[in-house]
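The structure under discussion appears below in the form of structure tokens.
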């Protein structure tokens, strides 16, 4: 793999993946980052990369649904591998406006696969990044494995499930070299503040309400974003072609406990002026439709076959995440000056 096209590379996970590949891995080739730059795609995430190592990093503003620029990039940069992060990913948004999720997550993946199929002579790998949400909801016990049947419960997860099936079908039908990864909930630096952990951090710092769906009992398995990116690269290098690998942090936490931990860590790192607990800011709001009760990933296949394991505990990763947001006020202010804040405020008023 000498020329890897990373789609959605200005987003949260994609940008950390590019940083990891170019700064902290054994990859010696070139990254071609294709991003449409929607509200969650932020060029600031990679501004230093573009300046310091331009010879190994190329940015192309393009929509993965648009065949012409993607085809041109494949030829111009002799793309031999694809890592597809590009997706509409926020469940709440998919409930309000599912059309964009169908277009990007299904149609965009199809377009990428078709272009890759026309270049099978040099294609080493098409890696597709997906989510544990395709499996639906767990009860109080059990874990998602690679054999768990798909039962998506939101337009977002349904669109990701469809894209997973397309990638698998191109492997079986056309002999395309593919791998798929399904990850648990990511957190860490550069995450757009509509997601739970950065929303709680930034609201808590401003003494704003911390909205928690229902009674906060929904459980998520948390994965530090750099651990996820290292897992993806390991799968790309050494994973069996045609196979799916689950990536999880093995850190299950009820949402209310996650929010409490954010509050407690912030109170230690940056106490409020009156020394009161930020837990006072927690506000339970009406639960969203189809809210999955529990996610939990069994990463045994990845751990046993490829020797991967997360480097961060949930507490250590959360401390790093909080400190990054505290140290990145300019990034935060630029993001908050956009449409996100208006959307979040309106959403939680409904």
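The values are calculated or read from the model by the stated rules, or taken from the named source; none is laboratory data. It should be emphasised that the depicted structure is a prediction, and the values quoted were computed from it without experimental measurement. Here the Cβ positions follow ideal geometry from the backbone for every residue, glycine too, while neighbour counts run over all protein chains shown.
Before moving on, here are some points about what is shown:
- Residues of segment 1-26 satisfying the condition of being assigned to a loop (DSSP other than H, G, I, E, B), touching a strand residue (DSSP E or B) at 6+ places or on another chain (Cβ under 8 Å) and within 23 Å of residue 224 (Cβ to Cβ): 8, 9, 10, 11
- All told, residue 124 meets the bar of being over 17 Å from the mean Cα position of the chain (by Cα), within 23 Å of residue 6 (Cβ to Cβ), in contact (Cβ under 8 Å) with a residue 12 or more places away in the chain and surrounded by fewer than 20 Cβ atoms within 10 Å (Cβ to Cβ).
- Across segment 1-11, the number of residues qualifying as at pLDDT 95 or above and closer than 27 Å to residue 330 by Cβ comes to 4.
- Per-region count, segment 47-106, residues under 17 Å from the mean Cα position of the chain (by Cα), farther than 25 Å from residue 292 by Cα and at pLDDT below 95: 0
- Any hit, segment 67-85, residues being touching a residue at least 24 places away in the same chain (Cβ under 8 Å), touching a helix residue (DSSP H, G or I) at 6+ places or on another chain (Cβ under 9 Å) and closer than 27 Å to residue 334 by Cα: yes
- Residue under evaluation residue 113, criteria (1) farther than 21 Å from residue 233 by Cα; (2) crowded, with 20+ Cβ neighbours inside 10 Å, criterion not met: (1)
- Filtering segment 327-343 for residues that are touching a helix residue (DSSP H, G or I) at 6+ places or on another chain (Cβ under 8 Å), modelled with pLDDT of 95 or more and assigned to a helix (DSSP H, G or I) leaves an empty set.
- Segment 27-50: number of residues that are crowded, with 18+ Cβ neighbours inside 10 Å and not in a loop (DSSP other than H, G, I, E, B): 9
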